Amino acid sequence: MRRQILLFFLILQVAQTLAQKISIDSTQTSSKRHPFVSLQVQNGLVLPTNDFIRNSKEKITFSTVSLKYGFSTTKARWQDYAYGMPYGGVGLMFLQFSNKQEIGSPFAIYSFQRTTILGRSTRTKLNFEWLLGASFNWNPYDPFDNPGNIAIGSKTNLYAGVNIYTKFQLNKEWDVHTGIAISHFSNGATRLPNKGLNLISATAELSYNFSRNSLKNDCFEPKPPLVDKRVDYDFLINISSRQKNFDTLRTNLPSPYIDKKFSIIGVTFAPMFQKNYKYKYGGGLDFLYDEIMGTIAWRQLNPKDGKEYDRVKLGKFGERISLGTSARGELVMPMYSIFANFGYNIIHGNRTDTRFYQIMGIKVYLKENFFGTFGIRASKFCKAQYLYWSLGYTIPGEFFSRKNPSVLRIRRSSNS
């Protein structure tokens, strides 16, 4: 439960940060903000990515209803034009599955962010949207009551999604969106089994804008400031936990799933190069302490009370230590960054996961140079090792422009 609470509060912090930033920027540049509400419906299929879905007698379908609230851009900052008029907010989604008895009737609370890909100056636009949140009220795996559901192992799970949709501006107040959505639900191996659910659907959305000023973009389009080439140095501390599948052969264990979580602590140092305001790239050193490595478990009879207990023995300390080097890329937006890392363990006490690992997540600056991240670490591009949250600090490199300090102020305010 502690892990899910931390996840939930992190999602709320991300949503709060996005809303605060949009609010502050709007009040600084315009007397009115541009709030909107929308109602979205989805209809689609659960993809057969695990045996639970593949072995179902019928295709498992689903439908959703979502209510969203957010703020659009004011069209007064250079960031609005450079980043495709980004806007975002928070949402509440209710899901209904055709296999309700085994999957449940979950709902999700999430933050979302949108940006325009094509058609900035017309009524019709092609947009991209990401969503990140926590989902609740699942009917998880249970060896007695729900043994078939190996996809969902906990009542609370991560929700992540992306939408590609066409936005048609009907008039000053109303928009209609139609598109395709891909969604993923998983707990990141914090509780097993955890094969996860992957959904694909068609979407339709009706949006009402309270104070949109015009159907046309502003005539004046501010240009982005020059960015000095520089190197930033990120330090991160990651905290997480995970479970493990144990061998039932010759261990007397009735099930490979033991109700025990193993702690994970990671420390990362990453020099990041930035040549423009949209992208960062670099490398990193990733130190990882993972209690799950080398762990063995068995069931044993206690002669004192005549009962059987699950016993767990941690591996040697060296087996719990990994040191990896990673290539890192970061897509920078005014209020957040999306990052992806590809790493390889040089020191690899780990015998459960492969040396090659992948990390994806979102990064939000909470205060100047102080940031939080939320992400998932995986192997083989599909097997989740664990979800994690981290706190970090960016140490600016030797890139400050003494001749033109205004460049520095613009850059820092756009990322904070």
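When only alpha carbons of the range 199-346 are considered, Rg and Dmax amount to 25.2, 83 Å. For the modelled label position 7 Å from the Cα of Asn276 along Cα-to-Cβ, which residues of the range 353-386 have backbone nitrogen atoms closer than 19 Å? The answer is none. Here the range 232-296 yields Rg over Rh of 1.25, to two decimals, using C-alpha coordinates and the Kirkwood radius.
Solvent exposure of the range 79-118, expressed per residue, is 33 Å² of accessible area, with all protein chains present and a 1.4 angstrom probe. Mean projected area of the Cα convex hull of the range 125-170, taken over all directions, amounts to 4.7 nm². Derived scalar couplings between HN and Hα for the range 106-114 equal x, 9, 9, 10, 8, 9, 9, 9, 10 Hz in order, rounded to whole Hz, by the Karplus curve 6.51 cos²θ - 1.76 cosθ + 1.60 (θ = phi - 60°), x for Gly and Pro. For the range 152-250, the solvent-accessible area with a 1.4 angstrom probe is 49 square angstrom per residue. Karplus-based coupling profile of the range 352-366, in residue order and whole Hz: 9, 9, 6, 5, 7, 9, 10, 9, 9, x, 10, 10, 10, 7, 7, with θ = phi - 60° in 6.51 cos²θ - 1.76 cosθ + 1.60 and x standing for Gly or Pro.
Its alpha carbons considered, the range 156-215 gives a radius of gyration followed by a Dmax of 16.7, 51 Å. Relative contact order for the range 331-381: 34 percent, from Cα pairs under 8 Å spaced at least 6 residues apart, divided by residue count.
Loop-located GluC sites (Glu not before Pro) across the range 291-388 with a Cβ neighbour count of 16 or fewer within 10 Å are Glu368, with loop assigned by DSSP. Cα centroids of the range 310-366 and the range 129-188: 25 Å apart.
Looking at the range 85-124, the trypsin sites (Lys or Arg not before Pro) that sit in a DSSP loop and have at most 15 other Cβ atoms within 10 Å of their own Cβ are Arg120, Arg123. How about Lys167: which lysines have a C-alpha closer than 17 Å to its C-alpha, ignoring those fewer than 8 places off in the same chain? Leaving aside lysines fewer than 8 places away in the same chain, those within reach of Lys167 are Lys68, Lys125, Lys216. Run the accessible area of the range 72-211 with a 1.4 Å probe and give the carbon-and-sulfur part as a rounded percent. Result for the range 72-211: 62 percent of the exposed heavy-atom area is carbon or sulfur.
Using heavy atoms of the protein chains and a probe of 1.4 Å, the accessible area assigned to Ser322 is about 10 Å².
The values are calculated or read from the model by the stated rules, or taken from the named source; none is laboratory data. None of these values were measured; they are calculated from a predicted model. All Cβ positions, even for glycine, are placed from backbone atoms using ideal geometry, and neighbour counts span all protein chains on display. Just the protein is used for accessible areas: all its heavy atoms, side chains included, with ligands, DNA and RNA removed. Shrake-Rupley method; radii C 1.70, N 1.55, O 1.52, S 1.80 Å.
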